[in-house]
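Presented below is the structure to which this report refers.
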Amino acid sequence: MKDRSKHIEILNLSKSFENSGSELKVLKNISLDVSSGEFIAICGRSGVGKSTLIRMIAGLVKPSSGTVAIDGDLVVNPPNSMGFVTQDYSRSLLPWFSVEKNVALPFKAKNFSKLEKKRKVEEVLEAVGLADFAKFYPWQLSGGMQQRVAIARSLVLDPKLLLLDEPFASVDAQIRLELEDLIANIVLQKKITTIIVTHDIDEAIYLADRVILISDSPASVSKIIQVKLARPRSQTETRSDPKFVKMRTQLYASLRGK
Amino acid sequence: MKLLPVQRKFVNIGQNYALTFGITAALWECAALTVNSRSFPHLNSVLLDLLNLIKNIDFWKSLIVTFNLTIIGFVIGALFAFALGLATALNKRLNLLLSSSINFLRSIPSVVFLPLLVASIGASARTAIILTALVVSLKLVIFVSRGVLETEMEHIEFAKIYHLSTFSKICNIYIPSLFSVVSTGFRLSASRAFGTVIASGIIIGTPGLGRDLLFAESNAEYERVFSYVIILGIVGTLIYATFNVIERQFIHWRVNI
Amino acid sequence: MKKKVNSIFWTLLLPSFILIFWEIVSGFKPNPFFPPPSRIAGAIQEVISIEWILSSVKPSFIVLFVGYFVGAILGLVIGSLLGEFVKMRIVFLPICNFIRSIPSVAKVPLILSIMGLGLSTRISTVVIAVLFPVLMSTVRAIAATRNELLDLNRTLKFGRIRGLVSIRVPAAIGEILTGLHASVQVAVLAMIVSEMLGSGVGIGAFIIQSQSTFRIANMWVGVFIVGLIGLALNYLFMKIERKVAPWYFKSKGLIA
């Protein structure tokens, strides 16, 4: 019995870590449904367990209890057709490969013709605005450009699901806005289901259809806000929209109230 | 005449080296005058002898023998080091099993095995190779196992996300990451390999420049001793520099971070 | 507790297996150069005596420790100065690098021919073997002082020498210790070689003499004792490193 509208189904997810005998509960009873093509932002203070949550969805961390299902299939290992971008581009890109080889990495486990691979790599590099930098090495690029490479790599297999773990936390403010728009446009165009983890409330509202606030220790879902702002959004207009400002105030209040 | 910045740089470097050489020569002469014995010859006589030495075909043969022994010993040692290093890094049990013996062998200066080797298999080229391989593998094994263990967690995670096969994980992630650590080990153990071939020549008379040096010393050819030592310094520097260049070419990301 | 017992078991497994295997094989097929461990153990009793320690071990220790300390201190002082004074560094570093590149064993015949046989020769051998690696690693470490620390030095108005002693050397202590540690091995090597080549005194000479008079079990005793000295010094250094610069050695996770 597969419910197609529910792309991702998270049920009573909990995680605790064992630390020299004592048990540290990080996440408690998180339940969440994400429908196909939806953009979800998971928001919370640093250290609250957001990264652990997204890693469990990605199949990289095993939950202590509860389940994650994608298209009705239980996630045990990283699912097919998923892209993943992490915060630290200096560690997620392979320094010994050029930009194009880094982007082509996901093809290593797939059977594609050489031509098809080449075309696809060119296409995603074009999409992130790095068409001229295919032959460069990561260390020759700025931080923002390296993160674009990481984004290109996550898109090269045309994923149905994109997971972003604080993807813009290591780049400076100006670049950050550019990358936000880049992601928003690509995801909108390709109708990719996206989950982003961020500690930045503004970023969460700006990008997402739904903002999930998690807080407390162990953390659970403390607030959900539907973001009904028109797309495509714009950094200047959307952010000064009264609705935007109101949601922001609400979220700040509940973040501080706890 | 005005100089271009590049030219100026070369002139500067030239000046510095000239100064280095001048000061070294002055210090040498002072030392030779203070010691004032035949065993500490003056610089000019050593340089003359050095010229004679490099005109001698036997010297070049010896040099080639030394190189051959160094390379063979290095390659065999490196193979052992990789096998042991991978085994200890990937398996905790094997690590516990082997590390105590490896550490014990590492703390013995290799030359103490020379009397044993010469007594049991003689002072042939093979002896030098065995010792060199031993020294190289004990030096390099630490780098190999560290290189494997230091592989970035995120890289391994990405391999998992994109379902890379074990083979492609090894080729695309483990080996390049390993080589960025091991290249330092290569450089250090190549120098060690050369040193060991020389040591075995000096102590038990295996073929090569080490033995020639020992002969010169026992024949009281003092200029020759100095000439050989200078040659050994040059070769040592060249080995080090070569590996440095290779490292910069192949491990470009490590150098440039 | 159980974990510890387990790890001790695995650690001792291979050495004891080798010893037993060696004992059995040499029982079946005696090889004069690999006497059974039981014979070597017997030789330990035979060899080790007060006189032997005074005549062989003590001179080796004097050479090793005096040579190492003199070499290390010279290396540290000269290295720090070359690290601080760039002009001096440009002139003297190439020659130091060159001398360092000469295999340390090859320096022994040279020193022998200049200084003759004797205690001072052996000590000088160790001094020179230790001096240059320590010097080079110190120069590299000092020269790599971070700019913020140099600025700190400038704002504190410490001046060159005081800044060197109280900021640049402490900042570089981890790397300097690594250099000091690495040259312990070189020091033991230089000591053994200088004793082997002609002095007739010390453990190195004992090993050579045992071999040439065909007392192979005694030679093995000498080899093991050198190994134990190396192991003990290595362990000592590891402790010092972890004590003096825990931040540096903890973060690198070296397997010892």
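In degrees from 0 to 90, rounded to the nearest 10, what is the angle of the helix A:242-257 Cα long axis to the longest principal axis of chain A?
60
Only counting other Cβ atoms within 10 Å, I'd like C:LEU233, A:LEU13 sorted with the fewest neighbours first.
Fewest-to-most Cβ neighbours within 10 Å comes out as C:LEU233, A:LEU13.
Treating the beta-carbon of each Lys and Arg as +1 and of each Asp and Glu as -1, no other charges, what is the dipole magnitude of chain A about its Cα centre, to the nearest 20 debye?
The dipole of chain A has a size of about 320 debye.
Taking 8 Å as the Cα distance limit and 6 or more residues as the minimum spacing, I'd like the relative contact order of chain A as a percentage.
Reported as a whole number, the value is 25 percent.
Compute the label zone of C:GLU46 within the range C:211-231: residues whose backbone N is under 20 Å from the point 7 Å along Cα-to-Cβ.
Label zone hits: C:211-226.
What order, most packed first, do the peptides A:199-210, B:58-69, B:192-203, C:9-20 have when packing is the mean number of other Cβ atoms within 10 Å of each residue?
So the peptides A:199-210, B:58-69, B:192-203, C:9-20, ranked by packing, come out B:192-203, A:199-210, B:58-69, C:9-20.
For an R0 of 41 angstrom, estimate the FRET efficiency from the Cβ-Cβ distance between A:GLU116 and B:ILE156 and round to the nearest 0.05.
Result of the calculation: an efficiency of 0.90.
Give the residue from B:LEU116, B:LEU97, B:TYR162 lying farthest towards the positive end of the charge dipole for chain B; charges sit on Cβ (+1 for Lys and Arg, -1 for Asp and Glu) and the dipole is referred to the Cα centre.
B:TYR162
Quick check on chain B: helices-only [θ] at 222 nm, where DSSP H runs of length 4 and up contribute -39,500 (n - 2.57) each and the sum goes over total residues. Nearest 500, please.
Mean residue ellipticity at 222 nm (helix-derived): -28000 deg cm²/dmol.
Report the far tail of the P(r) of the range C:1-134, meaning the percent of Cα-Cα pairs longer than 20 Å.
On the way: 6103 of 8911 pairs.
Tail fraction, whole percent: 68.
I'd like the distance between the alpha-carbon centres of the range A:63-122 and the range B:54-78, rounded to an integer number of Å.
The two parts, judged by their Cα centres, are 49 Å apart.
Between B:ALA31 and B:SER218, how many nm apart are label points set 7 Å from Cα along the C-beta direction?
The answer from the label model is 2.6 nm.
Relative to the Cα centre, what is the charge dipole magnitude of the range C:55-251, using +1 at the beta carbon of each Lys and Arg, -1 at the beta carbon of each Asp and Glu, and rounding to the nearest 20 debye?
For the range C:55-251, the charge dipole is close to 440 debye.
Can you give me the pair-distance distribution of the range B:41-256, C-alpha pairs, 10 Å bins, whole percents?
P(r) for the range B:41-256, in whole percents per bin: 8, 27, 29, 20, 10, 4, 1.
Going toward the positive end of the dipole of the protein assembly as shown, with +1 on Lys and Arg Cβ and -1 on Asp and Glu Cβ, which of C:GLY71, A:PRO79, C:GLY222 do you reach last?
Sorting the options by dipole projection puts first A:PRO79.
Averaged across B:177-186, how many Cβ atoms of other chains sit within 10 Å of each residue's Cβ atom?
1
What is the set of long-range amide H partners of A:LEU162 at a cut-off below 5 Å, with H atoms built 1.01 Å from backbone N?
A:GLY83, A:THR193, A:THR194, A:ILE195
Give the residue list of trypsin sites (Lys or Arg not before Pro) in the range A:126-175 that are DSSP loop and have at most 10 other beta-carbon atoms within 10 angstrom. Numbers along the way, then the final one.
On the way: sites: A:LYS135, A:ARG148, A:ARG153, A:LYS160; in loops: A:LYS135, A:LYS160.
Within the range A:126-175, the qualifying trypsin sites (Lys or Arg not before Pro) (loop, at most 10 other Cβ atoms within 10 Å) are A:LYS135.
Sequence gap at least 6, Cα distance under 8 Å: using those rules, report the relative contact order of the range B:41-256 to the nearest whole percent.
Here the relative contact order equals 29 percent.
Quick check for me: using +1 on Lys/Arg Cβ and -1 on Asp/Glu Cβ, what's the dipole size of the protein assembly as shown about its Cα centre, in debye to the nearest 20?
Charge dipole of the protein assembly as shown: 860 debye, to the nearest 20.
For every helix of n ≥ 4 consecutive DSSP H residues, a contribution of -39,500 (n - 2.57) applies; sum these over chain A, divide by its total residues, and give [θ] at 222 nm rounded to the nearest 500 deg cm²/dmol.
Working: 9 runs with 92 residues, N = 258.
So the calculated ellipticity at 222 nm is -10500 deg cm²/dmol.
Provide A:ILE10, B:ILE23 in ascending order of the number of other Cβ atoms located within 10 Å of each residue's Cβ, fewest first.
B:ILE23, A:ILE10
Kindly rank C:101-109, A:85-93, B:45-53, C:190-198 from highest to lowest mean number of other beta carbons found within 10 Å of each residue. Let's see the in-between values first.
Numbers: C:101-109: 24.7, A:85-93: 21.1, B:45-53: 15.9, C:190-198: 26.8.
Highest mean packing first, the order is C:190-198, C:101-109, A:85-93, B:45-53.
Can you grab the distance from the C-alpha centre of the range A:235-258 to the C-alpha centre of the range B:105-169, Å, no decimals?
So the separation of the two Cα centres works out to 59 Å.
Once you have all Cα-Cα distances for the range A:7-77, histogram them in 10 Å bins from zero and send the whole-percent values.
Bins of 10 Å from zero give 19, 54, 23, 4, 0 percent of pairs.
Using only C-alpha atoms and all pairs of different ones, pull out the Kirkwood radius for the range A:89-158 in Å with one decimal.
Numbers: mean 1/r = 0.0854 Å⁻¹.
Hydrodynamic radius (Kirkwood, Cα pairs) of the range A:89-158 is 11.7 Å.
Can you say what percent of the DSSP beta bridges in the protein assembly as shown, counting only those with both residues inside, are antiparallel? Round to 5.
55
Just round it to a whole percent: the fraction of Cα-Cα distances in the range C:48-111 exceeding 13 Å. Don't skip to the end; give the middle numbers.
Numbers: 1514 of 2016 pairs.
That fraction is 75 percent.
So for each of C:134-147, A:178-191, A:226-239 I average, over its residues, the number of other beta carbons within 10 Å; can you give me the resulting order with the highest mean first?
Per-residue Cβ counts within 10 Å, averaged per peptide and sorted highest first, yield C:134-147, A:178-191, A:226-239.
Return the long-range amide H neighbours of A:VAL221 (sequence gap of 5 or more, or a different chain), with a cut-off of under 5 Å between placed amide H atoms.
A:SER31
Based on DSSP H runs of at least 4 residues, each adding -39500 (n - 2.57), what is the mean residue ellipticity at 222 nm of chain C after dividing by all its residues, to the nearest 500 deg cm²/dmol?
Roughly -26500 deg cm²/dmol at 222 nm, from the helical runs in chain C.
Which value, in Å to one decimal place, does the Kirkwood hydrodynamic radius take for chain A when every pair of different Cα atoms is included?
19.0
Evaluate peptide C:218-230: per residue, the Cβ atoms of other protein chains within 10 Å of its Cβ; return the mean as an integer.
Mean shielding by partner chains, rounded to a whole number: 3.
Over the range C:55-251, calculate the relative contact order: mean separation of alpha carbon pairs under 8 Å at least 6 apart, over the residue count, as a percent.
After rounding, I find 27 percent.
Over the range B:39-151, what number does the Rg to Rh ratio reach, with both radii from the alpha-carbon atoms and Rh per Kirkwood?
With Rg and the Kirkwood Rh in hand, the quotient comes to 1.16.
Treating the angle as unsigned and between 0 and 90°, give the value, to the nearest 10°, between the Cα long axis of helix C:58-84 and the longest Cα principal axis of chain C.
20
Please give the Cα centre distance for the range B:11-25 versus the range B:189-257, rounded to the nearest Å.
24
Using +1 at the C-beta of Lys and Arg and -1 at the C-beta of Asp and Glu, which of C:THR121, B:ILE251, A:LEU105 has the Cα lying farthest in the positive direction of the dipole of the protein assembly as shown?
Working it through, the farthest residue towards the positive pole turns out to be A:LEU105.
How shielded is B:95-107 by partner chains, expressed as the average number of their Cβ atoms within 10 Å of its Cβ atoms?
The mean count of partner-chain Cβ atoms within 10 Å per residue comes to 6.
Would you order C:VAL66, B:VAL118, B:VAL225, A:VAL124 from fewest to most other beta-carbon atoms within 10 Å of each residue's own beta-carbon? Write out the running numbers ahead of the final one.
Working: C:VAL66 16, B:VAL118 20, B:VAL225 28, A:VAL124 23.
Ascending Cβ contact count within 10 Å gives the list C:VAL66, B:VAL118, A:VAL124, B:VAL225.
Any read-out appearing in this document is the output of simple, stated calculations on the displayed coordinates, not a laboratory observation. Small disclaimer: the values here were computed from a predicted structure and weren't measured. No Cβ is skipped: glycine too gets one built from the backbone with ideal geometry, and neighbour counts run over all protein chains shown.
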